[in-house]
Amino acid sequence: MYVHERDVSFMDNEQPIVDFSAIHDALGKNFEPVQVIDGQAKVVKPEIVAKYTNDQLVEFLKLMIWERTLHQRSNALTRQGRLGFYAPTEGQEASEMGSNSAMKSTDVLMPAYRDIPQLIQHGLPVYKAFLWSRGHVLGNEYPEDLHAMPPQIIIGAQYVQAAGVALGIKKNKTADKVAYTYTGDGGTSQGDFYEGMNFAGAFQAPAVFIVQNNGYAISVPRRKQTNARTLAQKAVAAGIPSIQVDGMDFLAVHEVTKAARDYAIAGNGPVMIETLTYRFGPHTNAGDDPKRYRTKDEEQPWFDNDPLIRYRKYLTEQGAWSQAQEDEYVEQVKADIKAAVKQADDAPKQKITEFLSNVFEEQPQNIQQQITAYQAKESK
Amino acid sequence: MSKKTYIQAITDALRLELGSDDRTLLFGEDVGKNGGVFRATDGLQAEFGEDRVFDTPLAESGIGGLSIGLALEGFRPIPEIQFLGFIFETLDSIAGQMSRERFRMGGTRHMPITIRSPYGGGTHTPEMHADSLEGYLAQIPGLRVVTPSNPYDAKGLLIASIRNNDPVFFLENLKLYRSMKADIPDEAYTVPLDKAAVVREGTDISLIAYSAQVNQSLKVAEKLAKEGISAEVIDLRTLSPLDEETILKSVEKTGRAVAIQEAQRQAGIAANVASLIAEKGALYLSAPVGRVYAPDTVYPFGLAEDDWLPAEDEIEAKTREILTY
Ligand SMILES: Cc1ncc(C[n+]2csc(CCOP(=O)(O)OP(=O)(O)O)c2C)c(N)n1
Ligand SMILES: [Mg+2]
């Protein structure tokens, strides 16, 4: 057998044909986060702000205050044992509400577990969100005009499914409709993430892929997820446009998402958006302790960069918003949440027989037998 | 000897093996600085360094594939899959790749990989976290499937798994993590990977269980003992391969058997046990083999978990039914 002895010694000292370090340095260079109003409430892009009346901007601020209040109540309810699974959203209000508010209620939302506020704004009644948290099937029984799937637990799975929804929209020739989906910085490491973008790109399907880069996947910092300088650049290889946006800036997120949606419905194919944000609290309320993996020094600048602060400040300076208005609004939101808790409490106990009836459309023998057995137990 | 919880016994085993064999590598999501979401790997990165104990990017298929590559380079990977419900993401690396390498390369390569993952109901996790998926795993040729029911076995089986040259799927019961304490030896020891344990001797009926169901079965046996019924309880410990000898010997003695699992009825471990008895021990029996299991639905929503999981009273009722058949 002839085995070619590879002699590579001649390559020593030779000038390489390509400078890979330079190529690596250039990667990610053209991603500059879009910003409209900065952390000091200074308008960076007046032409964008000018598109909105102060009343419209107040509605945007109220969306963020709503989400913050929902978060605070959910946190408290979790501690009292009145909610089950809860992934805190504090800090991500501009990222979540800014993007979601650029979508239409006829668009299809494929959320993950931290996207409950978007789901609610998309039409999920708050009490159902609470029932989902507690672990009750009623929380996942969606009316037909709620164009969304329940929160995805398997990181990344929603991305490929969103490509499927988008292709379906295209094949149905439905005008003015997109699929939009969220994942986190950690989610961008999953194969599903790449497959979703690549499929949607290959099929030129109307999807908007949103990555909320909140700095951490539980304890693992963003820099350990990938050697890529930005997450946005991951879309480049799929041949689809992408952008980084200041995820603490509502208007920036909103405008970018709106532009992405317009691009997609015009038949150009999908877009990917990376929002730069921060998870103020723990990963979930099930025992995660951020003190184990991040420092106060790192957290503080992000807390100062709270998305509510800059819009509250800007609108207060404009004379369009006041503490009294905010207090009144917060009370109203709290009352709504209280009513939703009550409604969730009134949900009937789940039955195993009902679970069994929802495994298949036509009941096979084993299911029939088990329904009979559990009917006997449940009627006791 | 020291008193250790089930999860401390696991940490103990990992520490000892990382310390005694520098080819071992521990990695997964959040296992480093954070010490795992349950703290099973707490302190191990600080003790052994980031070279040996490290976080991976968030991708289970990546974790599986990485393990195979590292094994080829001579390492002994101990990957963690954060919850058993996430193995679907990496089933190809487990069922399609690592479990076949020895075979497809005619025995010239081996895959000394121990995949650890928590599972089991009763702690109200979100969906896809607590499912009992051991039935799927036990069907994979070339993969050992191990699951301890107590701190002593947790440590001994884990050390044996890590030292074994074939891939082992090591299932840790979520509910047992902190609910069980026992005196266990401080030094390293092993528990064989193909031996069930007779955890309570008896003569009237054999209760064959594993993981959390062993403890439930023991309670039932204790209760029945007060009525003069002598139930033998077997802890399978290794689900693949099954210790046929111990099961058959017990059934030969008692003539009656109940196989117990937390998983749904269809195609699970209890079905394997029942078919083994039908195949090789039918003539020992004075009654059909009973089975206790969960209903054939998807793992339930958290609030209904307690109604869905097989409970002690179901084991008791089935045991009485088979006893009086
Ligand atoms: C397939 C899969 N692997 C692991 C997990 C466990 N897990 C839940 S959230 C999470 C981190 C996700 O981080 P990121 O994508 O950044 O989203 P974030 O939680 O920060 O919003 C992990 C590892 C899971 N739910 N699914
Ligand atoms: Mg994150």
When residues of segment B:80-113 are filtered for being within 17 Å of the chain's Cα centre (by Cα) and within 13 Å of ligand 1 (Cβ to nearest atom), how many remain? 8
So, in segment B:18-65, of the ones that are assigned to a helix (DSSP H, G or I) and over 22 Å from B:Ile87 (Cβ atoms), which residue ends up farthest from the other protein chains (Cβ to nearest Cβ)? B:Ser20
Could you run through segment A:270-310 and say how many residues are aromatic (Phe, Trp, Tyr) and assigned to a loop (DSSP other than H, G, I, E, B)? 3
A:Gly319: surrounded by 16 or more Cβ atoms within 10 Å (Cβ to Cβ) and more than 16 Å from ligand 1 (Cβ to nearest atom), yes or no? no
Taking segment A:160-195 as the region of interest, how many residues are within 14 Å of chain B (Cβ to nearest Cβ), under 17 Å from the mean Cα position of the chain (by Cα) and over 19 Å from A:Ala102 (Cβ atoms)? 11
Taking A:Pro150, is it away from ligand 2 (no atom under 16 Å from the Cβ), on the phi < 0 side of the Ramachandran plot, at pLDDT 95 or above and within 14 Å of another protein chain (Cβ to nearest Cβ)? yes
For a quick check of your reading of the model, give me the residue pairs whose first member lies in segment A:352-369 and is at the interface with another protein chain (Cβ under 7 Å from one of its Cβ atoms), whose second is among the aromatic types (Phe, Trp, Tyr) and assigned to a loop (DSSP other than H, G, I, E, B), with beta-carbon atoms closer than 9 Å and at least 6 apart or on different chains. A:Phe355/B:Phe301; A:Ile367/A:Phe360
Looking only at segment B:133-161, and only at residues there that are among the β-branched types (Val, Ile, Thr) and assigned to a strand (DSSP E or B), the one that is nearest to the other protein chains (Cβ to nearest Cβ): B:Val145
Is it fair to say B:Ser93 is within 29 Å of B:Ser20 (Cα to Cα) and either of a type in the set (S, T, N, Q) or crowded, with 21+ Cβ neighbours inside 10 Å (or both)? yes
Any residue at all in segment A:176-185 that's within 30 Å of A:Arg229 (Cα to Cα), within 15 Å of ligand 2 (Cβ to nearest atom) and part of a loop (DSSP other than H, G, I, E, B)? yes
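Given the options A:Pro151, A:Pro111, A:Pro117, name the one that is crowded, with 24+ Cβ neighbours inside 10 Å, under 24 Å from A:Gln56 (Cβ atoms) and within 14 Å of ligand 1 (Cβ to nearest atom).
Checking each option against the conditions leaves just A:Pro117.
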Can you name the residue in segment A:204-227 that is closer than 19 Å to B:Glu29 by Cα and more than 12 Å from ligand 2 (Cβ to nearest atom) and, of all such residues, is surrounded by the most Cβ atoms within 10 Å (Cβ to Cβ)? A:Thr226
I'd like to know if segment B:266-283 contains one or more residues that are within 30 Å of A:Ala347 (Cα to Cα), within 14 Å of chain A (Cβ to nearest Cβ), outside any helix (DSSP H, G or I) and hydrophobic (A, V, I, L, M, F, W, C). no
Counting just the residues of segment A:30-72 that are within 20 Å of the chain's Cα centre (by Cα) and of a type in the set (Lys, Arg), which one comes out surrounded by the fewest Cβ atoms within 10 Å (Cβ to Cβ)? A:Lys62
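Can you find a residue that is outside any loop (DSSP other than H, G, I, E, B), within 20 Å of B:Gly302 (Cα to Cα) and of a type in the set (Ser, Thr, Tyr) anywhere in segment A:103-116?
no
Can you report the number of residues in segment B:113-132 which are surrounded by fewer than 24 Cβ atoms within 10 Å (Cβ to Cβ) and not in a strand (DSSP E or B)?
Final tally of qualifying residues: 8.
Name every residue in segment A:193-203 that is away from ligand 2 (no atom under 16 Å from the Cβ) and either in contact with a Phe, Trp or Tyr (Cβ under 7 Å, 6 or more places away or on another chain) or part of a helix (DSSP H, G or I) (or both), in order of residue number.
A:Tyr194, A:Glu195, A:Gly196, A:Met197, A:Asn198, A:Phe199, A:Ala200, A:Gly201, A:Ala202, listed by residue number.
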Could you list, in sequence order, all residues of segment A:204-230 that are over 22 Å from A:Gln118 (Cα atoms), within 14 Å of ligand 1 (Cβ to nearest atom) and in a loop (DSSP other than H, G, I, E, B)? A:Ser219, A:Thr226
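The values are calculated or read from the model by the stated rules, or taken from the named source; none is laboratory data. Please read these numbers as outputs of a predicted model, since none were measured by experiment. Here Cβ is always computed from backbone atoms with ideal geometry, including for glycine, and neighbour counts include all displayed protein chains.
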